[in-house]
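Below is one structure, written out as structure tokens; comments come after it.
What follows is calculated from the coordinates using simple rules that are stated; it is not laboratory data. Computed from a predicted structure; not experimentally measured. As a convention, Cβ positions derive from the backbone with ideal geometry for all residues, glycine included, and neighbour counts pool all protein chains shown.
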Ligand SMILES: Cc1cc2nc3c(=O)[nH]c(=O)nc-3n(C[C@H](O)[C@H](O)[C@H](O)COP(=O)(O)OP(=O)(O)OC[C@H]3O[C@@H](n4cnc5c(N)ncnc54)[C@H](O)[C@@H]3O)c2cc1C
């Protein structure tokens, strides 16, 4: 394919000053507020049980078990709502808490919600069986047959456990992404199935403040979902009407896709962020894949750079100009404004160069880039990087060689990093690339005592 559109230094147009985003401050305030709100709302959810339980009513072990079952039920229902809220993709939430932090919370709470909901089920069955003096099997059966919405609650629990098991990394790596994704989407079904059970069977949600509090939580989460998953994407695409402008090869297995659209000058996106892209062709419209911007957005086009690793990325090579694109985003906090120091060190490997390349447009001239590759042929954007080095004085180091070569290995040791970047502790470090490169560099940075909050990762995985 003959490239008809390619980046030139002129594209870093004059209208766009570099280093637009000076260093910010560490946003403990926002996070602290989010954590406080989370624990406060959790405490209120459990308080509902407290208010509904007369003093001195827990006299037997069965009472205690049932009480513990009710408490875990409230806690499980609440954490499930928070889980869904965190994945609503609402831009205000990502901006407030940080996309990466949301992901970390979502993963941590994912295990917790499964354990708490299973504990709720177990404690309630054992508690009621003990109170009635029946066996566990007959108590389970009588619950299923006597209570409204109990069958759907059991189905929700089974689904939740399945989602939890599939989210375990070792399991997840073995299944296709799509299977994991669609089963993960079934969390909405869990919420729906659990809803009826909570309101019709939940002893603590029958009236008064508790009922209204719970309804408000559901409404809030539902509103955030509709906002983040429907309203914002529709608005973005109606406003910008994205289309493929061109597909340009960037080496053996990398391509850049230039995307045009209306009023791109008003697009509120930053270098280092990503969108989920849905290319509306016959074979690809049904799947949305995340790709980072590989140049800072400008008024004429957006650019993503894709490594061909599978079916979908392979198909993107044959995209024709004019194909319509539905994009969701921007997402992610791998941006220049998140840094705490003036200077930056960027570490990239493989397709990880995409967001790193874009960040260079937003960072000051004394930025240092370490680009790890096995051979010069793998150095995507070499011409651009050389041009940026010559024009702006950005320091670019190509660290070349096989995985076990002593030279490149040395570069990512504490000594090697200090030799290349003596003032590394006074810089923010942005890293994107293969897991091995990231973990080695992180270890070295830790040994060099670079504060964790100055280290920013874009792991290319959810
Ligand atoms: C936030 C983020 C930003 C990314 N930015 C870039 C980028 O700028 N350039 C680039 O080359 N790659 C990027 N990726 C990776 C890229 O999304 C996957 O390589 C691509 O989706 C693979 O699709 P496939 O069908 O060709 O490959 P497959 O063989 O189907 O998948 C290869 C691997 O990619 C992941 N994957 C597959 N489909 C998806 C999906 N829909 N969403 C998320 N992950 C998926 C899975 O972990 C899978 O194991 C990014 C990933 C994330 C999460």
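Observations
- Share of pairwise Cα-Cα distances greater than 32 Å in the chain is 48 percent (whole percent).
- Nearest-ten-degree value, helix 136-146 long axis tilted from longest Cα axis of the chain: 90 degrees
- Per residue convex hull volume, Cα atoms of the range 336-457, in Å³: 91 Å³
- Taking 0.36 nm per residue of sequence separation and removing the Cα-Cα distance, the residue 285/residue 234 pair yields an extension gain of 16.8 nm.
- Kirkwood-type radius of the range 219-276, with distances r between different C-alpha atoms, in Å: 13.7 Å
- The simple Förster model, with R0 at 25 Å and r as the Cβ-Cβ distance, assigns residue 35 and residue 413 a FRET efficiency of 0.10.
- Intensity falloff of the range 92-196 expressed as log10 I(q)/I(0), Debye formula with alpha-carbon point scatterers, at q = 0.17, 0.22 Å⁻¹: -0.89, -1.18
- Just so you know, the Rg over Rh for the range 125-185 is 1.20, from Cα atoms, with Rh as the Kirkwood radius.
- Seen against the Cα atoms of the chain and their longest principal axis, helix 187-201 is set at about 20 degrees.
- Helix-derived mean residue ellipticity, 222 nm - over the chain, DSSP H n ≥ 4, -39500 (n - 2.57), to 500: -15500 deg cm²/dmol
- Normalised radius of gyration (Cα atoms, divided by 2.2 N^0.38 Å) for the range 28-228: 1.07.
- Each part reduced to its alpha carbon centroid, the range 317-363 and the range 99-137 end up 40 Å apart.
- Under 18 Å from a label point set 7 Å out along the Cα-to-Cβ vector of residue 219, the amide N atoms of the range 159-202 belong to 195-196, 199.
- Net length gained if the chain between residue 175 and residue 200 were fully extended (0.36 nm per residue, minus Cα distance): 5.3 nm
- Taken over the alpha carbons of the range 174-277 as equal point scatterers, the Debye sum produces base-10 log I(q)/I(0) values at 0.14, 0.16, 0.21 Å⁻¹ of -0.85, -0.96, -1.18.
- In this label model, residue 64 and residue 404 are separated by 6.0 nm, measuring between points 7 Å along each Cα→Cβ vector.
- Under 12 Å from the residue 138 label point (7 Å along Cα→beta-carbon), backbone N, the range 104-129: 129
- Note on the range 352-462: antiparallel DSSP beta bridges, both residues inside, total approximately 0 percent of the bridges counted.
- Taking packing as the residue-averaged number of other Cβ atoms within 10 angstrom, the listed peptides 345-358, 142-155, 197-210 run from highest to lowest as 345-358, 197-210, 142-155.
- The chain: angle of helix 150-167 to the longest principal axis, Cα-based, in degrees nearest 10: 30 degrees
- Taking the C-alpha atoms of the range 241-331, convex hull volume expressed per residue in Å³: 86 Å³
- Long-range tail of P(r) for the range 291-362 (Cα pairs > 20 Å, %): 39 percent
- Counting only DSSP beta bridges whose two residues both lie in the chain, roughly 55 percent are antiparallel.
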